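The values are calculated or read from the model by the stated rules, or taken from the named source; none is laboratory data. None of these values were measured; they are calculated from a predicted model. Here Cβ is always computed from backbone atoms with ideal geometry, including for glycine, and neighbour counts include all displayed protein chains. Heads up: the accessible areas ignore ligands, DNA and RNA and are worked out on the full protein's heavy atoms, side chains in. Shrake-Rupley method; radii C 1.70, N 1.55, O 1.52, S 1.80 Å.
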Amino acid sequence: MPSPPTKPSPPPCSGFISTTALFRSGQGCEGSILIDNGREADEKHAFEHQGVRGFDVIDIAKSQLESACPGVVSCADIVALAARDAIVLAKGPSYGVETGRRDGTVSDTKMADNMPDVSDSIQKLKQKFSEKGLTEKDLVILSAAHTIGTTACFFMTSRLYTFSGGVGSDPSINPEFFPELKSRCPLNGDVNVRLPMDRDSGQTFDNQILKNIRGGFAVLQSDASLYQDEVTQSIVDSYFESSRPSSGPSFEADFVDSIVKLGRVGVLTGSEGRIRAVCKSF
Ligand code: HEM
């Protein structure tokens, strides 16, 4: 990833925080990304987490829960529950969220070192998911969470201007899409400008993002790369191949399976960790 001229500034809060924060906690679902002791060393301040926003939503939920039943619901569970609610609010599937997670007691920028990056090769993405017990199918289906939300130009301009050896663009971008992306994210423009990751329905949770990936309309390079590998391409295609949609795999049902699985990664239970009283501090 090229060095940014500036860090993207936080836009107004969004319920989508929790969906992305569920995924973006370095050790797993233990709320380490929420810690903000005002120290640059906190995981929240890691380069890899630039742009993650909406922490105030989690803080508000936590303070209401603490007034009603102090010391019971962990910040990690709030993130998992809020992720589900954000998906439902965007007209996606509802599902039961397993609870009982406890909060981690460590937060360090280094914890984000191994997060998937937009410029990782498909092999690297597969490997990083596999290290967390997640399959190639989970990689495809969970990346489809990009059916909602936005990205800063910061994360995609290298696809337009400096793709190979510092020059040129990503050939996998559909030529029809290219002028649109360039006008939204012009060369040397403001890297904080945001655009939907699903150009057709960025506020609605649906399988349009997979259609976009098939057609060369993916915004993020990591999403586009899912169609450049035989295995992940066939997983994307499987959602469109059946002549009778009811007999093919269900995107919504598979998403639920994968996100429940994601919610089990690196959890602390029993006497491990603690229940924080304030999500941003130990
Ligand atoms: C393959 C690995 C992934 C990579 C490389 C990746 C990368 C990114 C990037 C660069 C952004 C834009 C950040 C910004 O500009 O603020 C983003 C946004 C987002 N990601 Fe991912 N992501 C991945 C997987 C996931 C997963 C597994 C989920 C959830 C299940 C997820 C949910 C989201 C959501 C909801 C947003 C929108 C956030 C918003 O609108 O503020 N991502 N992701």
**Request:** State which residue pairs qualify: first residue in contact (Cβ under 8 Å) with a residue 60 or more places away in the chain and β-branched (Val, Ile, Thr) and inside the stretch 68-94, second residue within 16 Å of the ligand (Cβ to nearest atom) and outside any helix (DSSP H, G or I) in any location, beta carbons under 6 Å apart, and separation of 6 or more residues or different chains.
**Result:** Ile87/Phe205
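Each row is one residue, and each column tells you yes or no for (1) closer than 30 Å to Ala61 by Cα; (2) surrounded by 16 or more Cβ atoms within 10 Å (Cβ to Cβ).
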position	(1), (2)
Leu220	no, yes
Ala224	no, yes
Glu230	no, no
Ile235	no, yes
Ser247	no, no
Ala253	yes, no
Asp257	yes, no
Glu272	yes, no
Ala277	yes, no
**Inter-residue pairs, beta-carbon under 7 Å, first modelled with pLDDT of 95 or more and in the stretch 195-209, second part of a loop (DSSP other than H, G, I, E, B) and surrounded by fewer than 17 Cβ atoms within 10 Å (Cβ to Cβ), 6+ apart** = Thr204/Lys91; Phe205/Lys91; Gln208/Asp200
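This table checks each residue for (1) in contact with a Pro (Cβ under 8 Å, 6 or more places away or on another chain); (2) away from the ligand (no atom under 14 Å from the Cβ); (3) of a type outside the set (Asp, Glu); (4) at pLDDT 80 or above.
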{"residue": "Pro8", "(1), (2), (3), (4)": "no, no, yes, no"}
{"residue": "Pro11", "(1), (2), (3), (4)": "no, no, yes, no"}
{"residue": "Thr19", "(1), (2), (3), (4)": "no, no, yes, no"}
{"residue": "Gly26", "(1), (2), (3), (4)": "no, no, yes, no"}
{"residue": "Cys29", "(1), (2), (3), (4)": "no, no, yes, yes"}
{"residue": "His49", "(1), (2), (3), (4)": "no, no, yes, yes"}
{"residue": "Asp56", "(1), (2), (3), (4)": "no, no, no, yes"}
**Complete:** Counted residues in the stretch 148-194 being assigned to a strand (DSSP E or B), touching a residue at least 24 places away in the same chain (Cβ under 8 Å) and either more than 26 Å from Gln127 (Cα to Cα) or away from the ligand (no atom under 16 Å from the Cβ) (or both) come to 2
**Message:** Within the stretch 106-141, take every residue that is within 17 Å of Ala218 (Cα to Cα) and open to solvent by 40 Å² or more (accessible area, probe 1.4 Å) and give me the one that is farthest from the ligand (Cβ to nearest atom).
**Reply:** Ser121
